[in-house]
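Here's the structure we're looking at; comments come further down.
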Amino acid sequence: MRVRDRLGALYQDEDCVGLYPATGQPAFAPWRLALVVVCEYVEGLTDRQAAEAVRNRIDWKYALSLDLTDAGFDASIVSEFRQRLTEHQQASLLLEKLVQVGLQEGWIRSSSKVRTDSTPILAKVRRLTQLELVGETLRAALDALSGTEASWVLGRVPHEWGMRYGLLINERRLPKSETERECWAKQVGADGFHLMELLQDASTPSQLGELPQVQTLQTVWQQCYQRDAQGQVKWRDGPRPAAKERMISPYETDARVGCKGNMTGLGYRTHLSETCEANLPEVVVQVQTTVAPINDVDQLLPIQQDLLKQGLRPHEQLVDGGYLESEQMLTSAKLGIQVHGPALSDQSWQARAKGGYTLKEFEVDWQQERVRCPQGQASQSWQVARGGKQAGSITVLFARETCENCPVRGQCTRSLKHGRQLSLPPPERAKLLAQNRAQASDPAYQRHYGLRSGVEACISQAVRRVGSRQARSRGEPAVHLQQVTCAVALNFIRLDAWWQQRQPRGKLRRGRFGRLMAA
């Protein structure tokens, strides 16, 4: 009710015009459904419970501007509305409207400092072994074919497959010995290849080969199996696909296995950016969802571009080391955003060895394109990479004769055939890295960068208060919609606490004496 009083009609029917056809029966007001979806996460309700709250509770009727006698709607309307948002890729609408209101009201500034971090999201699927994966993928394809063209399945598929793939793979006893498991895997692989050959027959209806489950079968078999010249099926022992391409379930084809720190998860990764200005509420202003293996550093630029699209140009963005590399810092500076975070430290063996000569011990003359070592010797060659990922980077080589008789050779290089070799970033990036690493030891900068740790509280509150860690639906678009809805719900909770001047849970708590004196 306070959100309704403060924000008024946050969403409008005009915002959802693209979600509905121009003709057809009248729909329940889309702006009300948008608010119901958010309030559902605020209170941790299911669709059925939310529909019941609209029918029975006076506070929900007040927020939705409904008469006390309004009978509400069926729970299926809520899921249909979410489906429309997902299909039209309009999940960001829920958060962008709140951000625009915040800019107008003043509790979000267009140049606010923001802090960004990511957290894993667990997919709504069970982790399968490779043996279970291939068996369940083939069974899912046969189920889809049976539902589409049962007569074709009865006429073409061997009848013994009914006993082999009739049950869910986890409901049957898989072989225990290694030899039996290998034989069973080969049998499944041969059956899968046979099914794909049947589907390629000219007499097979073309729509059967276009089923999503059949497409998944072909992909999984390419990743897991190979056939030799004699047609024998075996597990693939050659190059495997990258982690961001490897399927882990036939029922959740978007989810992937990813790692963050010491945690390994099956699903996705979401990036949250929240404001962190003094005397203003901390509000989530941007959410981005990717598959789990995508590195944080690859998402910094898309996050910043989305912020600019919303009319936000933060003068500072606080991130951890996973988002940072010198090229990204330069690109951010060109966009007018100053990124703060620890750049990757020197990972060479010289940096780990006591007394080793690292890059900072060498004197670089960018104008003369020459490097001088700590012993006063000049470099022999200076080569600039012209293409590829290393374009612009510089390779510096010292002559073998120079390093061969050097008294401190063991502290500088271990190569027996060449002299010391250095890899330098372009001049602008080198200067930025040196400045970043120098700041890291400054106490004033450390206190300023300490603001970044507050995003951990945002992630913790999102996980514990609105249940963002566990995906409720399948597919990356649906998971992204859930994360955006969780962010809006979290903003409602935080704004209400700020309006009521309450300390968020987990911060300062008074004891009995403190409460007595405060009263």
Tell me whether the stretch 314-325 contains one or more residues that are among the hydroxyl-bearing types (S, T, Y), over 30 Å from P477 (Cα atoms) and either in contact with a His (Cβ under 8 Å, 6 or more places away or on another chain) or not in a strand (DSSP E or B) (or both). no
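Report yes if A430 is at pLDDT 80 or above and open to solvent by less than 70 Å² (accessible area, probe 1.4 Å), otherwise no.
Numbers: at pLDDT 80 or above: yes; open to solvent by less than 70 Å² (accessible area, probe 1.4 Å): yes.
When the stated conditions are applied, A430 passes them.
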Among the numbered criteria (1) within 26 Å of L154 (Cβ to Cβ); (2) free of Cβ contacts under 8 Å to residues at least 24 places away in the same chain; (3) not β-branched (V, I, T), which one does R246 miss? (1)
Looking across the stretch 228-247 at residues that are surrounded by 13 or more Cβ atoms within 10 Å (Cβ to Cβ) and out of contact with any helix residue (DSSP H, G or I) (no Cβ under 7 Å at 6 or more places or on another chain), the single one that is modelled with the highest pLDDT is K244
Quick one: which of A462, A444 is assigned to a helix (DSSP H, G or I) and modelled with pLDDT of 90 or more? A462
Search result, residues across the stretch 83-97 that are surrounded by fewer than 22 Cβ atoms within 10 Å (Cβ to Cβ) and assigned to a helix (DSSP H, G or I): Q83, R84, T86, E87, S92, L93, E96, K97
What are the pairs with Cβ atoms under 8 angstrom where one residue, in the stretch 88-108, is among the small types (G, A, S) and the other, located anywhere, is part of a helix (DSSP H, G or I) and open to solvent by less than 30 Å² (accessible area, probe 1.4 Å)? Sequence gap at least six, or different chains. A91/L85; A91/L481; A91/V484; A91/T485; S92/V484
Please indicate, with yes or no, whether at least one residue in the stretch 63-75 is open to solvent by 50 Å² or more (accessible area, probe 1.4 Å), assigned to a helix (DSSP H, G or I) and touching a Leu at 6+ places or on another chain (Cβ under 7 Å). no
Out of the residues in the stretch 345-362 that are touching a Ser or Thr at 6+ places or on another chain (Cβ under 9 Å) and part of a loop (DSSP other than H, G, I, E, B), which is most open to solvent (accessible area, probe 1.4 Å)? D346
When (1) under 24 Å from V257 (Cβ atoms); (2) surrounded by 15 or more Cβ atoms within 10 Å (Cβ to Cβ) are applied to Q222, the one that fails is (2)
Quick one: would you say R127 is assigned to a loop (DSSP other than H, G, I, E, B), under 27 Å from the mean Cα position of the chain (by Cα) and within 30 Å of C259 (Cβ to Cβ)? yes
Taking helices (runs of 4 or more DSSP H) that fall entirely within the stretch 170-227, which contain at least 1 residues that are over 24 Å from A243 (Cα atoms)? 178-199, 206-209
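The values are calculated or read from the model by the stated rules, or taken from the named source; none is laboratory data. In this text the structure is predicted, and so the values were computed from the model without any measurement. FYI the Cβ positions are ideal-geometry reconstructions off the backbone, even for glycines, and counts take in every protein chain you see. Only protein heavy atoms, including side chains, enter the accessible area calculation; ligands, DNA and RNA are left aside. Shrake-Rupley method; radii C 1.70, N 1.55, O 1.52, S 1.80 Å.
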